[in-house]
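Working notes, beginning with the structure itself.
Read-outs: derived from the displayed coordinates by stated rules, not from any lab. Owing to the predicted nature of the structure, the values given are computational and were not obtained by experimental measurement. Cβ: placed from backbone, ideal geometry, glycine included. Neighbour counts: every protein chain shown.
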Amino acid sequence: MSTRCRVGIIALAVAVLAGFSSGPGAARDRGDVPMPKVSGPQEVEVVAAYIDPVAQAPVVLLRGKRDKRSFPMVIGPAELNAIALPLNHVTPPRPLTHDLFLTLFGHLKVSLRRVVITDFREDVYYAALHLQSASGDLTLDSRPSDAIALALRAGVPVLVEDQVFDKAAASGREPAPRRPSI
């Protein structure tokens, strides 16, 4: 083997060991280009259910697990209670409406798999319940507050479409500061 060939092989080996690349994706591999944005629904954490101190309205606060974006959703007083109970690990002495629905699902051999908050239009949020049974999958339209209350009780994920985060941010909805509770 010629000296020129040996030098070429050594240079190639050094380049490979050093992580040098000039092919497609090389800039990304070196960290020069950000990774593409992941899109689609993301799982959220139900952070809190409380009375907004400014608007004096019941609110549920959701935060994305992937990108940490959050938004408050104004809900009704009954839904505030329905979400706050399981969020605070409180079991009522008698079943409430959402408990009854999950009991009914169980007797019908239907399981709640996930809930997805799908849209935000004209100051109204929309959601879907994703159910599974022996006869197949079923998706039902739902109010987001009811979907969240069911998901918390059933221990299934709450997901939010990216467009909902975007629309909520564009509407100027910002989480209101909460007074600490003891």
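Taking a temperature of 37 °C and a viscosity of 0.692 mPa s, what whole-number D in µm²/s does Stokes-Einstein yield for the range 63-173 with Rh from Kirkwood over alpha carbon pairs?
222
Using mean Cβ contacts within 10 Å as the protection proxy, how do 94-105, 158-169 order, highest first?
Ranking the peptides 94-105, 158-169 by packing returns 158-169, 94-105.
Principal axis extents for the range 44-96, Cα atoms only, whole Å, descending order, please.
Extents along the principal axes: 38, 27, 13 Å.
Among bridges DSSP assigns within the range 42-182, what percent are antiparallel (round to 5)?
The antiparallel proportion sits near 90 percent.
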